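The values are calculated or read from the model by the stated rules, or taken from the named source; none is laboratory data. Quantities reported herein were computed from a predicted structural model and do not represent experimental measurements. Neighbour counts are summed over all protein chains in view; Cβ atoms, including those assigned to glycine, are modelled from backbone coordinates with ideal geometry. The accessibility values were calculated without ligands, DNA or RNA, using every heavy atom of the protein model including side chains. Shrake-Rupley method; radii C 1.70, N 1.55, O 1.52, S 1.80 Å.
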Amino acid sequence: MTWFSQREHFDKAQLTLVHITDSHVFAEPNGEYFCVNTANNLAKTLACIKSIECDAIIFGGDLTQDHSEASYHLFAHLVQQAGLADKLFWLPGNHDEIDIYREIFSQYGIRDSKVLENDHWQVLLANSKGPTPAGCVSEMHLNEIKHELTGNTKHALLFTHHHPIPIQGYLDKHMLENGEALLSQLTQFKKVKGLIHGHVHNEYSWLFNEFAVFATPATSIQFEKNTSDWQQVDLGPAFRMIRLQQNGSLNTQVVWLNNA
């Protein structure tokens, strides 16, 4: 069984995706991360997403802050309570355990598909979880990604948890250690339109040799940009909208709940 063995097909010409990430919830609903109730922020984010039209919600990792199984249950319960369990797909962050995801999420009807596709697009939910808080895409997984892209003529988009390009900030010491190798592989395929990640707790966008890389803010808390210190900034939760057009164009923007 490979990482991409389970797939989800959408019978639609265009796809609208929502990317949420870095919920950092606790076992208890009143748990706070840097004085922010992360479960409340997640619930507010899901309620906002419930009011818009989307085909799938991609959760980008770092579900838990206390590493408890109860935190996974709380996250899944909030998703189910919002009526979104059948739309949610996931990939792991450095805080998370893949086996716990699979065991608990299956109880709530959340599927394990790592390829989302229609007749024009393939969306790959990659695994960047390494043995340390820093990210690593294993050689085997790089080959799996290459195989998926080689065997398909569709436009493509990749999601990871970790950032492959430095942000000139504190979390660069926990970035994707072989990010350049991953990006070099992706840019060999002109059909790959970009990479979207979480982990950095703010909004970013870059070009890597004309290849688009986007960071989605967290549902929990945001971190100040351009500083080597661990500094929180009070921006509220956010999520990213992604629209994949039939002609291969990718349109995306971040939605901040404080401005919604």
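Structure notes:
- Cut-off under 5 Å, modelled amide H: who pairs with G93 long-range: D62, L63
- Per-atom-type breakdown for segment 125-260 gives carbon and sulfur 47% of the accessible area (1.4 Å probe, protein chains only).
- Assigned charges on the beta-carbon of Lys, Arg, Asp, Glu; the chain dipole about Cα centre (debye): 820
- Extending 7 Å from Cα along the Cβ direction at E177 and again at S68 yields two label points whose distance is 3.1 nm.
- Scattering profile of the chain at q = 0.09, 0.13, 0.17 Å⁻¹ [log10 I(q)/I(0), Debye over alpha-carbon scatterers]: -0.35, -0.77, -1.42
- Ranked by the mean number of other Cβ atoms within 10 Å of their residues, highest first, the peptides 142-148, 126-132 fall in the order 126-132, 142-148.
- Working ranking of peptides 67-75, 192-200 by packing, defined as the average number of other Cβ atoms within 10 Å per residue, highest first, is 192-200, 67-75.
- Backbone HN-Hα couplings from phi across segment 8-21 [Karplus 6.51/-1.76/1.60, Hz, Gly and Pro as x]: 10, 9, 10, 8, 9, 6, 10, 10, 10, 10, 10, 10, 10, 7
- Per-residue packing, averaged as other Cβ atoms within 10 Å, sorts the ranges 211-224, 175-188 into the order 211-224, 175-188, beginning with the highest.
- Segment 46-93 - percent relative contact order, Cα under 8 Å, separation 6 or more: 57
- What you get for segment 8-100, charging only the Cβ of Lys and Arg (+1) and of Asp and Glu (-1), is a dipole of about 420 debye around the Cα centre.
- Förster radius 30 Å - calculated FRET efficiency between T132 and N152 (Cβ-Cβ, nearest 0.05): 0.40
- Taking every C-alpha pair closer than 8 Å and separated by at least 6 residues, the mean separation divided by the residue count of segment 1-135 gives a relative contact order of 30 percent.
- Charged side chains reduced to their Cβ positions (Lys and Arg at +1, Asp and Glu at -1) give segment 93-169 a dipole of some 160 debye around its Cα centre.
- Amide H contacts of S128 (H built 1.01 Å from N, in plane; Pro and chain starts excluded): H161, H162 sit under 5 Å, all sequence-distant by 5 or more or on other chains.
- Using the Karplus relation 6.51 cos²θ - 1.76 cosθ + 1.60 with θ = phi - 60°, the per-residue 3J(HN,Hα) values for segment 62-67 come to 6, 5, 10, 9, 9, 6 Hz, with x marking Gly and Pro.
- Taking the inverse of the mean reciprocal distance over all distinct Cα pairs, the Kirkwood hydrodynamic radius of segment 130-253 comes to 15.3 Å.
- Gain on full extension, evaluated as 0.36 nm per residue between I98 and Q253 minus their Cα-Cα distance, stands at 52.9 nm.
- Averaged per residue, the chain has 42 square angstrom of accessible surface, using a 1.4 angstrom probe with ligands and nucleic acids left out.
- Each residue of segment 239-250 is assigned a 3J(HN,Hα), and the resulting list reads 8, 10, 9, 10, 10, 9, 8, 4, 7, x, 7, 10 Hz, derived from the Karplus form 6.51 cos²θ - 1.76 cosθ + 1.60 (θ = phi - 60°), x at Gly and Pro.
- Amide H contacts of A156: Q122, V192, K193, each under 5 Å away and 5 or more positions distant or on a separate chain (H built 1.01 Å from N in the peptide plane; Pro and chain starts excluded).
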